[in-house]
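Enquirer: Please see the structure below; I have some questions.
Every read-out reported here was derived from the displayed coordinates using simple, explicitly stated rules and does not represent laboratory data. A quick note: this is a predicted structure, and the numbers were derived from the prediction, not measured. Every residue, glycine among them, receives a Cβ derived from its backbone with ideal geometry; neighbour counts consider all protein chains shown.
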């Protein structure tokens, strides 16, 4: 039998259970995949906590990579033996094998290992749409502020930003994380626990502020992120690690300098097949050719799912984390 992590109620890491499950045969438009590695993402904790409500009981996880073992009818060119990766619904990636709709899959280039794919698909596509789609005015020479710069998405976004010719100011909590962020493209570091972030941003930008802030933290950093923007800058609300962003007062945006706020979701940027292909092709090309390196700093077994979530929420992880199957 296959093994899967499931949860029956919303709550802390202890609600996660590792169970033996039966995996059926793929139906029309579906394939059965044997996983090689599964991505661990902060968004997984939102589902577990009930912040993203889903029917219960349910599986856990939205990202994995593996090999197709069986295909149903109308699978549009997918076949047994294909190496694939995916991110998105339905939940259930924390498993040794599962059935998935082909609409969620990406065929994996030969130059990218399955473990790397599981560590980069959601994070890499997130970095791609942040940088390429959320601020249409962003251009080479601009300066951005990137929160959680030593995290999985942050390390990818920093490298991609340098490819685009951007100057990157990253926020981190420790010297070790600062060293990691610098090694992956950050030009300047702000230690958010001991420094005034918007004041330091103004110092580093001759009082102007940054073109774009990519804020994955949410409630605790929102005010500082707004104050770090230059006139008509864009605050991209990418995540809510500290809690949801507060209600927005439209006048606040005007008083800050006619700035913009957007709270995008990856699903809306890969829903269109053309845009999906554009973003995934760019990501796979950068990684396969070594322009973007994927840092896998934590590896867990599925049986360690509870500890993995504890580590993630305690800020003990850097780079990407995966479950090795």
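Enquirer: Mind checking the alpha-carbon convex hull of the range 48-152 and giving the volume per residue in Å³? Walk me through the numbers on the way to the answer.
Expert: Working: hull volume 18.2 nm³, N = 105.
Each residue corresponds to 174 Å³ of Cα convex hull volume.
Enquirer: Given an 8 Å cut-off on Cα distances and at least 6 residues of separation, report the relative contact order of the range 135-263 as a percent. Provide the component values of the computation, followed by the final result.
Expert: Numbers: 255 pairs, mean separation 26.6, N = 129.
Contact order relative to length: 21 percent.
Enquirer: Here is a follow-up. For the chain, what is the relative contact order in percent, using Cα pairs closer than 8 Å and at least 6 residues apart in sequence?
Expert: 17
Enquirer: Contour minus end-to-end for residue 104 and residue 223, with contour as 0.36 nm per residue of separation and end-to-end as the Cα-Cα distance? Provide the component values of the computation, followed by the final result.
Expert: Values: separation 119, 0.36 × 119 = 42.84 nm, distance 3.58 nm.
Using 0.36 nm per residue and subtracting the Cα-Cα distance, I get 39.3 nm.
Enquirer: Further question on the same structure: Enter the Cα centre distance for the pair the range 274-311 and the range 96-146, rounded to the nearest angstrom.
Expert: Taking the Cα centre of each part, the range 274-311 and the range 96-146 sit 8 Å apart.
Enquirer: Provide the FRET efficiency to the nearest 0.05 for the residue 203-residue 231 pair, computing r from the beta carbons and using R0 = 22 Å. Each step should come with its number before you reach the end.
Expert: Values: r = 18 Å, r/R0 = 0.80.
It comes out at approximately 0.80.
Enquirer: Put one equal scatterer on each alpha carbon of the chain, apply the Debye formula with no solvent term, and list log10 I(q)/I(0) at q = 0.08, 0.10, 0.12 1/Å to two decimals.
Expert: Debye curve over Cα of the chain, log10 I(q)/I(0) at q = 0.08, 0.10, 0.12 Å⁻¹: -0.36, -0.57, -0.81.
Enquirer: Using a 10 angstrom cutoff on alpha carbons, build the Gaussian network for the chain and name the most mobile of 252, 208, 159.
Expert: 252
Enquirer: Sticking with this structure for a sec: Just grab the label-to-label distance for residue 260 and residue 1, each label 7 Å out from Cα along the Cβ direction, in nm (one decimal).
Expert: Between residue 260 and residue 1, the label points sit 5.1 nm apart.
Enquirer: To the nearest 500 deg cm²/dmol, what mean residue ellipticity at 222 nm is calculated for the chain from DSSP H runs of n ≥ 4 alone, each contributing -39,500 (n - 2.57), summed and divided by the residues? Don't jump to the answer; show the numbers that get you there.
Expert: On the way: 10 runs with 98 residues, N = 325.
The helix contribution divided over the chain gives -9000 deg cm²/dmol.
Enquirer: Among 123, 28, 17, determine the one that fluctuates most according to a GNM of the chain built with springs between C-alpha atoms less than 10 Å apart.
Expert: 28
Enquirer: Here's something else I'd like to know. Note down the Stokes-Einstein diffusion coefficient of the range 135-263 in µm²/s, whole number, using a Kirkwood radius over alpha carbon pairs, 4 °C, and 1.567 mPa s. Intermediate values should be presented prior to the final figure.
Expert: Details: Rh = 14.3 Å.
Estimated diffusion coefficient is 91 µm²/s.
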